[in-house]
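Take a look at the structure below.
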Ligand code: ADP
Ligand code: ASP
Ligand code: MG
């Protein structure tokens, strides 16, 4: 019997009666092999978006759709509850708890409408309601199925800074509190059903860890308990050669290295939140991605040298996966006088950092006559004006000619640790794109040489991913 397993279920995994039946069986089976099982769950699929849309409408004074939202939320949770909880009193109790959370959404949205704005703090209070509902639903379903379980709010023990919507945990306090809350429950053999996505400041104000952050919650809990393994249950058979929604021929990678998955996740593969990897690698915890809808499939195992089994020196196997991030823009600072000004890059990135934006990709021509980097489209206008302000003197003196942003572009990334040893990968990538009429606007190679990223026009995204995926399939 192994010791501690943390399993995280995503939104679709708790989003229907059939999915919840599978989840119940998966948890039951896990108890045969694992002494202590912790379950982390996301909100039911679609709920977080619905909550945040309600807050956004409320901030514009629109609350007329709230009654509709109220009934959608009831429908999403009660349909499964009615089907899967036989005991009348337990069913009524869980419905009452979920109803109370729906009422707090209404109260929050009304308050937002009165204020005419939704602060990041208010948005976190709203967004956290989804997981607070789903844990109650799942715990009640498991109890009804005869497994002793308890809904737990991670705000009790995941302590974060006050960076609302993208909060960072304080691992020291989180370790103490998580053990204090969880160990007594686990020692009794009870299965804690914990909210993903949520933390709280030391003062107890609810924060969230960023969209898709339930994976990260599982990694944090796994790290601090500590667990032996963290398994991420989702709606595909593990990490695949690319997003199967774009390329239906995508296949599952039985194993992948931490370095490779880190690049894939960072560059847009939604299957794993990029922050998930570090806490588990640091603590030597096993990570597995598997499919709630196909539980007998082994999924993907993360290994410290996932490249060990591929023929790293054969060019065909070098590219292992392809991914894309959409809705980016390239910001360029350009001017022939830039050559003489010291510290332009430092000042430029300092300015970008002061807007709270991180930059996924940088390219610089060696002439130093321009600096070019990608940022998410929605922040591009803010960044361009911040840069124009920072470089106002240089622009006036015509050392800098202009600061501008392109239309929407995508960053397409090929990943594979075999690249490090294989010459000519970039060439193959370029010619493949050329053959498929995809124009490359910029390029950057990851410092670890595990990835190459190319910037393409947003209209070319699918073509680029499909074309590059052929490099893997051809092998
Ligand atoms: P969950 O709700 O379980 O967290 P997500 O929607 O966040 O699930 O992530 C799973 C989705 O990630 C898949 O349905 C798939 O469309 C997408 N995806 C993107 N890139 C990949 C990839 N390389 N491998 C597998 N899935 C991917
Ligand atoms: N429910 C949150 C979201 O939709 C967190 C998650 O699903 O991981 O972003
Ligand atoms: Mg996810």
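Worth pointing out:
- Subset of the range 317-336 (residues that are exposed (fewer than 15 other Cβ atoms within 10 Å of the Cβ) and modelled with pLDDT under 95): 336
- Tally of residues being assigned to a helix (DSSP H, G or I) and within 13 Å of ligand 3 (Cβ to nearest atom) across the range 227-271: 1
- Residue ranges of helices (runs of 4 or more DSSP H) in the range 1-92 with at least 1 members within 16 Å of ligand 3 (Cβ to nearest atom): 17-33, 47-59
- In the range 94-119, the residues that are under 27 Å from the mean Cα position of the chain (by Cα) and either within 20 Å of residue 82 (Cα to Cα) or surrounded by fewer than 16 Cβ atoms within 10 Å (Cβ to Cβ) (or both): 98, 101, 102, 104, 117, 119
- Test result for residue 201, within 7 Å of ligand 1 (Cβ to nearest atom) and either more than 21 Å from residue 294 (Cβ to Cβ) or in contact with a helix residue (DSSP H, G or I) (Cβ under 7 Å, 6 or more places away or on another chain) (or both): no
- Residue match in the range 364-374 (condition: under 29 Å from the mean Cα position of the chain (by Cα), under 23 Å from residue 326 (Cα atoms), surrounded by fewer than 19 Cβ atoms within 10 Å (Cβ to Cβ) and modelled with pLDDT under 95): yes
- Residue within the range 381-392 that is touching a residue at least 40 places away in the same chain (Cβ under 8 Å), surrounded by fewer than 13 Cβ atoms within 10 Å (Cβ to Cβ) and in contact with a helix residue (DSSP H, G or I) (Cβ under 8 Å, 6 or more places away or on another chain) present: no
- Contact map, the range 172-191: residues that are more than 17 Å from residue 159 (Cα to Cα) paired with residues that are part of a helix (DSSP H, G or I), Cβ distance under 8 Å, separation 6+ or inter-chain. Pairs shown: 191/27; 191/31; 191/142.
- Restricting the range 126-153 to residues that are part of a helix (DSSP H, G or I) and surrounded by fewer than 22 Cβ atoms within 10 Å (Cβ to Cβ), the residue that is nearest to the chain's Cα centre (by Cα): 143
- Of the helices (runs of 4 or more DSSP H) entirely within the range 337-442, those holding at least 2 residues that are within 20 Å of residue 264 (Cα to Cα) occupy 425-435.
- The residues in the range 431-443 that are over 14 Å from residue 460 (Cα atoms) and surrounded by 14 or more Cβ atoms within 10 Å (Cβ to Cβ) can be counted, and the count is 1.
- Criterion: under 19 Å from residue 288 (Cβ atoms) and surrounded by 19 or more Cβ atoms within 10 Å (Cβ to Cβ) - qualifying residue of 30, 42: 42
- Only one of the numbered conditions (1) without any contact (Cβ under 8 Å) to a residue 60 or more places away in the chain; (2) closer than 13 Å to residue 222 by Cβ; (3) within 16 Å of ligand 2 (Cβ to nearest atom) is violated by residue 271, and that is (2).
- Of the residues making up the range 198-205, one or more are under 21 Å from residue 49 (Cα atoms) and buried (at least 24 other Cβ atoms within 10 Å of the Cβ).
The values are calculated or read from the model by the stated rules, or taken from the named source; none is laboratory data. Note that the structure is a prediction, hence the values are computed from the model and not measured. Every residue, glycine as well, gets a Cβ built from its backbone with ideal geometry; the counts of neighbours run over all protein chains shown.
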